[in-house]
Amino acid sequence: MKLAPLTYVRPRSLADAIACLAEHDGEAKLLSGGQSLMPLLALRLAAARVLVDLAGVPGLDRIEATPAHLQIGARVRWHDIETNRLLKTAHPLLVAAVAHVAHYQIRNRGTVGGSLAHADSAAELPAVAVACDGVVVVEGPRGERRIPANAFFHGPLTTDLASDEVITALHLPPWPAGRRFVFEEFARRRGDFALAGVIAHYDAVSDRFRNARVAGFGIADKPVRLTEIETALEGQPLAPEAVERACRAAEHTVAGFDDLQADARYRKALFVTLLRRGLERTLLEKSP
Amino acid sequence: MTRPAISFVVNGAPVELEVDDRTTLGEALRDKLHLTGTHLACEHGVCGACTVIVNGMAVRSCLTLAVQAEGAEIVTVEGLASERGLSPLQAAFRRHHAVQCGFCTPGILTTMHALLTHEPDADEARIRDVLSGNLCRCTGYNSIVEAVLDARESYRQAKQ
């Protein structure tokens, strides 16, 4: 459980960090909170000759939350999101999701950018980004790129990020007041990665489902948007029948997968149960 | 990799030491500073035994490099008691027999000390939620929760 020998550098600017990545051409890795990278290095599942710590790069730890604009800096920690007053109303789904991320001590160091770059298929933040049309903002030698979340995640621990690019922020579209959401996940132990998880949100307009969005995590090789379930909900009256339609659609569209933790059938059953439970709970909410 | 010595403050005392870049904070505390109260067990961020307090925040010292702690203020389990004796949290652990084999205890003490310092009114649900980041293989969680609940009053008074 020891890291292989490496060199640690702490650049003072984003430009220096990018230059450092480019100079070491695939042999360098960015260090943000280190809560996913350090275990990988300790278990020798990942290797890096050079660790480029972003702690000295200014400006990456900002949360910008106005009614029209929501941007979370890459160095923002889970703890910062949990304790930010603006976010409780600016993006309640994000706040609810972060409460499920790992444990207290991890939440004190783990960061938004680190989670996006690590891209665990069962992680909460990548799924929120996919479910909410998030845009990952990255900076590299060729300038800035703004990558929609659904194109950013390629597969397990694999993203669109080039080896010389740095994630600087996650942009989320504004969250309308009164929007209802579901965040449900099942893990065997508190703080573990979920075996299956559901994110859904919709606007209750004239007692009907509008702008329905459904995404799943822990059920495929990356977080996935589930448009068939959205279609089953869209325009339906806010009633248990719509929830059943959604669950039937989920039975068709969610495949799940097998690994050492759980088999595909179990993951699928969990997903449907969580979807039903979460949507039924939202039906009890009063319209504003 | 040789580098200029790093410096930080541990339990109120400034220290300077030379470490390889790959050395974790937990290793540096134990092997270089001989503060062996911090226990390294899983060394990949699962068990919580190595928890120390860095700039007021409970963190896993196995997931932090020593070089990242440059300039930080660190409190280990050795920093909790004073010349006058056990800290109120430690005393509560003794009263409630919240220790069995004791291996996980330093990490739980540092975690709960950080929690109650920030949230002296933490309720049982919050304490149990935070405690989920520390594994006790003897599974003596109930007495630990009782001890932490009991210690809250002294943190409330300290905050006033």
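Worth a mention:
- Taken together, the residues in the range A:239-288 that are β-branched (V, I, T) and either surrounded by fewer than 16 Cβ atoms within 10 Å (Cβ to Cβ) or not in a helix (DSSP H, G or I) (or both) amount to 1.
- In the range A:1-27, the residues that are at the interface with another protein chain (Cβ under 9 Å from one of its Cβ atoms) and small (G, A, S): A:A4
Per-residue answers, yes or no, for (1) within 21 Å of A:A15 (Cα to Cα); (2) crowded, with 21+ Cβ neighbours inside 10 Å; (3) out of contact with any Cys (no Cβ under 8 Å at 6 or more places or on another chain); (4) within 14 Å of chain B (Cβ to nearest Cβ):
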site: A:V52; (1), (2), (3), (4): yes, yes, no, yes
site: A:G59; (1), (2), (3), (4): yes, no, yes, no
site: A:T66; (1), (2), (3), (4): no, no, yes, no
site: A:H69; (1), (2), (3), (4): no, no, yes, no
site: A:A74; (1), (2), (3), (4): yes, yes, yes, no
site: A:N84; (1), (2), (3), (4): no, no, yes, no
site: A:K88; (1), (2), (3), (4): no, no, yes, no
site: A:P92; (1), (2), (3), (4): no, no, yes, no
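- Selected residue (criterion: nearest to the other protein chains (Cβ to nearest Cβ)) from residues of the range B:128-151 that are surrounded by 21 or more Cβ atoms within 10 Å (Cβ to Cβ) and outside any loop (DSSP other than H, G, I, E, B): B:V130
- Flag for A:G216 being out of contact with any Lys or Arg (no Cβ under 8 Å at 6 or more places or on another chain) and either at pLDDT 95 or above or farther than 30 Å from A:G59 by Cβ (or both): yes
- Pairs where the first residue, in the range A:1-20, is surrounded by 15 or more Cβ atoms within 10 Å (Cβ to Cβ) and the second is at pLDDT below 95 and assigned to a strand (DSSP E or B), C-beta under 9 Å, 6+ apart: none
- Just one of the listed residues (B:G45, B:G37, B:G71, B:G12) is without any contact (Cβ under 8 Å) to a residue 60 or more places away in the chain and not assigned by TED's automatic domain parsing to the domain that holds B:C101, namely B:G45.
- B:L115 falls short on exactly one of the conditions (1) within 14 Å of chain A (Cβ to nearest Cβ); (2) of a type in the set (A, V, I, L, M); (3) closer than 25 Å to B:E16 by Cα, and that condition is (3).
- Number of residues in the range B:39-59 that are closer than 19 Å to B:L80 by Cβ and either basic (K, R) or assigned to a loop (DSSP other than H, G, I, E, B) (or both): the value is 7.
- Residue identified as within 17 Å of A:E165 (Cβ to Cβ) and touching a helix residue (DSSP H, G or I) at 6+ places or on another chain (Cβ under 6 Å) among A:S115, A:S36: A:S115
- Some residue of the range A:118-126 being within 14 Å of chain B (Cβ to nearest Cβ) and either crowded, with 22+ Cβ neighbours inside 10 Å or part of a helix (DSSP H, G or I) (or both): yes
The values are calculated or read from the model by the stated rules, or taken from the named source; none is laboratory data. In this text, all values refer to a predicted model and were calculated from it rather than measured experimentally. Neighbour counts run over all protein chains shown; Cβ positions are idealised from the backbone, glycine included.
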